[in-house]
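Trainee: The following block contains the structure, expressed as structure tokens.
The values are calculated or read from the model by the stated rules, or taken from the named source; none is laboratory data. Being a predicted model, the structure only gives us computed values, none of them experimental. We place every Cβ from the backbone using ideal geometry, glycine too, and count neighbours over all the protein chains shown.
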Amino acid sequence: MMKKIWVVAAISAVLLMVMCSFSQSRRGNAKSRYQLVFSDEFDLKDGAQPNPKVWQRSVRGTSRWNRWISKSADVVFIRDGKLVCRAIPNTSERGDTATMLTGAVDTRSSFAFQYGKIELRMRTNMLPGNFPAAWLLPKQPAPPHPYSGEIDIVEFFGLNPDSYHTAHSFWTTDPKQAETPRHSFHAKVDATQWHVYGLEWNKRQLTWTVDGKVVGTYKRLNTKKARKGQQWPFDHPFYIILNQSVGDHTWIPTMSKAPRLDATYETEFDWVRVYALKK
């Protein structure tokens, strides 16, 4: 009887080793499809600015996300090996009429990519009107926006606990066809905790992930109507934007409350990595 038990145990052990080996092989094959082409771990001293050869401070504009952008060192800096982007009350910038000062950086002059995979580790605080994002814009845009596309890797809206992941194009602005195919997805997360948000991008589709799990896919349509309607403007290089902004319900219905103009909003980015498919 004891001999039979040992035989069964031995067979089980061998099967387990084979299964583990197969699983590791599959994971290894998946990883081997990509090669790292861009990485920033933000391993700089506290108070430093992010590497200026990689990240430029974004420019103020008229859109909701960039209307209060500032180049103040108080809204973009390194702390504990993380990039910190903030939105703070404007109490220091004389002559600046912005109600708040917000931080944003991008790679528009240093790095852009077409197809591959991007992942980043991020967390944010939950306050009314909170609006942080990690996203992609075209290196050479063709107006009007979003005619040449926008890819939101991850966004948060106010006190809503869901992460949002969206593709924007001329096609998605038309209510008659915006959801054919579906272009926006969300996932239940604790935004105050660290999560890895990802995007896999090829000629056929965009696929978003949270902690390695797929949350949605936007597929290319190969119809005459879709081509004419610019359903897929994602066959050219895009650059990276990381920002902390604030919004309100007049723009996004899920933001039921206006931002607190006396509060400090803060989003941390632990690292950003971009991979290209191996040729």
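Trainee: Of everything in the range 93-130 that's within 16 Å of Val246 (Cβ to Cβ) and among the small types (Gly, Ala, Ser), which residue is nearest to the chain's Cα centre (by Cα)?
Mentor: Ala104
Trainee: Then there is this: Say we look at the range 131-164 and pick out the residues that are charged (D, E, K, R) and within 15 Å of the chain's Cα centre (by Cα); which of these is farthest from Gly212 (Cα to Cα)?
Mentor: Among them, the one singled out is Glu150.
Trainee: Next question, about the same structure. Please state which of the following conditions Ile78 fails to meet, knowing it meets all the rest: (1) touching an Asp or Glu at 6+ places or on another chain (Cβ under 8 Å); (2) surrounded by fewer than 22 Cβ atoms within 10 Å (Cβ to Cβ); (3) under 18 Å from Gly129 (Cβ atoms).
Mentor: Result: Ile78 fails condition (3) only.
Trainee: While we're looking at this one, here's another question. Looking only at the range 207-227, count how many residues are surrounded by 13 or more Cβ atoms within 10 Å (Cβ to Cβ) and over 28 Å from Glu266 (Cα atoms).
Mentor: So the count comes out to 7.
Trainee: Pull up the range 48-70, narrow it to residues that are at pLDDT 95 or above and surrounded by fewer than 16 Cβ atoms within 10 Å (Cβ to Cβ), then point me to the one that is farthest from Trp271 (Cα to Cα).
Mentor: So the residue we want is Val59.
Trainee: Tell me the residue from Thr192, Thr172, Thr180 that is of a type in the set (S, T, N, Q) and crowded, with 21+ Cβ neighbours inside 10 Å, please.
Mentor: Going through Thr192, Thr172, Thr180 in turn, just one is of a type in the set (S, T, N, Q) and crowded, with 21+ Cβ neighbours inside 10 Å: Thr172.
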